[in-house]
1. Being more than 22 Å from His200 (Cα to Cα), free of Cβ contacts under 8 Å to residues at least 60 places away in the same chain and buried (at least 16 other Cβ atoms within 10 Å of the Cβ), is that true of even one residue in segment 59-67?
2. Let me confirm something: among Lys70, Lys49, which residue is closer than 30 Å to Lys183 by Cβ, over 29 Å from the mean Cα position of the chain (by Cα), assigned to a helix (DSSP H, G or I) and assigned by TED's automatic domain parsing to the domain that holds Asp202?
3. Given the conditions (1) touching a helix residue (DSSP H, G or I) at 6+ places or on another chain (Cβ under 8 Å); (2) closer than 30 Å to Asn102 by Cα; (3) among the β-branched types (Val, Ile, Thr), report the number of the one that Val141 does not fulfil.
4. Here is a list: Asn102, Asn125. Which entry is assigned by TED's automatic domain parsing to the domain that holds Asp202 and modelled with pLDDT of 95 or more?
5. Please work out if Asp146 is surrounded by 14 or more Cβ atoms within 10 Å (Cβ to Cβ) and either farther than 30 Å from His173 by Cβ or in contact with an Asp or Glu (Cβ under 8 Å, 6 or more places away or on another chain) (or both).
6. Scanning for something farther than 18 Å from Gln147 by Cα and not aromatic (Phe, Trp, Tyr), does segment 93-102 turn up at least one residue?
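The values are calculated or read from the model by the stated rules, or taken from the named source; none is laboratory data. Treat the numbers as computed from the prediction; the structure is a model and nothing was measured. Methodologically, a virtual Cβ is constructed for each residue, glycine included, from the backbone with ideal geometry; neighbour enumeration extends over all protein chains shown.
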Amino acid sequence: MNAELLRRRGVFAVVFAGLLAGSVYAQSQDPTPQQQDIQNDKKDMRKDKSDLAKDRADRNADQRDINHDKRDLSKDRADRNADQRDINHDRTDLNKDRADRNKDQRDINHDKAQLVRDDKKYGDNSAQAQADRKDLHADRVDRNKDQRDIHHARTDLNKDRADRNADQRDINHDKKDLSKDRKDRNQDQKDINKDKKDLHKDRKDLRHDKRGH
């Protein structure tokens, strides 16, 4: 009788131990909804931190681009302004050379008329005619030099205009880049602010889930 009772108790103990072990195993395999929420919250927080770090890196890179664009823009504006000053200087030189050339041409015309009169009055080989020819030659030399100066001034003017126009295109390009980089920087800042809010919310959810509410 006692042996049978002991055997039954042994069987019952084995069954109970098996059930207990199965329950523990099931608990270890299938987390409770609260544990699952905590795991999800931690996963969300890791993702939020990763997104926040990435958006900060993007924002900082955009800020560096903005600073670089500002320096380029400042330099291109300085170059454009210097070229404009060169253009203004070239125009002044060109106007002066044209005035000199026109004056020399008037002197040439005057010397030609004087030479004709002196040839008729004093003869081709007269001292007056020889002096007129000498003046005419000198005025032609001056006129030709002024004409070369005009060509040179035109060349400089065209080159400075080309440089000025190239600098203006660079300025326009820098402005576009600056506007785009500022837009990207602002968008990254918005993303950072959103990531911060998400991280704050996930931390709040984690605390809430840990308390078991």
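1. No; the residues of segment 59-67 include none that is more than 22 Å from His200 (Cα to Cα), free of Cβ contacts under 8 Å to residues at least 60 places away in the same chain and buried (at least 16 other Cβ atoms within 10 Å of the Cβ).
2. Details: Lys70 fails: over 29 Å from the mean Cα position of the chain (by Cα).
After applying the criteria, what remains is Lys49.
3. Every listed condition holds for Val141 apart from (1).
4. Values: Asn125 fails: modelled with pLDDT of 95 or more.
Of the residues listed, the single one that is assigned by TED's automatic domain parsing to the domain that holds Asp202 and modelled with pLDDT of 95 or more is Asn102.
5. Working: surrounded by 14 or more Cβ atoms within 10 Å (Cβ to Cβ): yes; either farther than 30 Å from His173 by Cβ or in contact with an Asp or Glu (Cβ under 8 Å, 6 or more places away or on another chain) (or both): yes.
Yes; evaluated as a whole, the condition is true for this residue.
6. At the first step, the residues of segment 93-102 found to be farther than 18 Å from Gln147 by Cα are none.
No: segment 93-102 contains no residue that is farther than 18 Å from Gln147 by Cα and not aromatic (Phe, Trp, Tyr).
Residue-wise test of (1) without any contact (Cβ under 8 Å) to a residue 60 or more places away in the chain; (2) at negative phi; (3) touching a Ser or Thr at 6+ places or on another chain (Cβ under 8 Å); (4) buried (at least 16 other Cβ atoms within 10 Å of the Cβ).
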{"residue": "Asp76", "(1), (2), (3), (4)": "no, yes, no, yes"}
{"residue": "Asp83", "(1), (2), (3), (4)": "no, yes, no, yes"}
{"residue": "Asp86", "(1), (2), (3), (4)": "no, yes, no, yes"}
{"residue": "Lys121", "(1), (2), (3), (4)": "yes, yes, no, no"}
{"residue": "Val141", "(1), (2), (3), (4)": "yes, yes, no, no"}
{"residue": "Leu178", "(1), (2), (3), (4)": "no, yes, no, yes"}
{"residue": "Arg182", "(1), (2), (3), (4)": "no, yes, no, no"}
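Residues are listed down the side, and each one gets a yes or a no for (1) in a helix (DSSP H, G or I); (2) farther than 25 Å from Arg91 by Cβ; (3) aliphatic (A, V, I, L, M); (4) within 60 Å of the chain's Cα centre (by Cα):
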site	(1), (2), (3), (4)
Val116	yes, yes, yes, no
Ala131	yes, yes, yes, no
His137	yes, yes, no, yes
Val141	yes, yes, yes, yes
Thr155	yes, no, no, yes
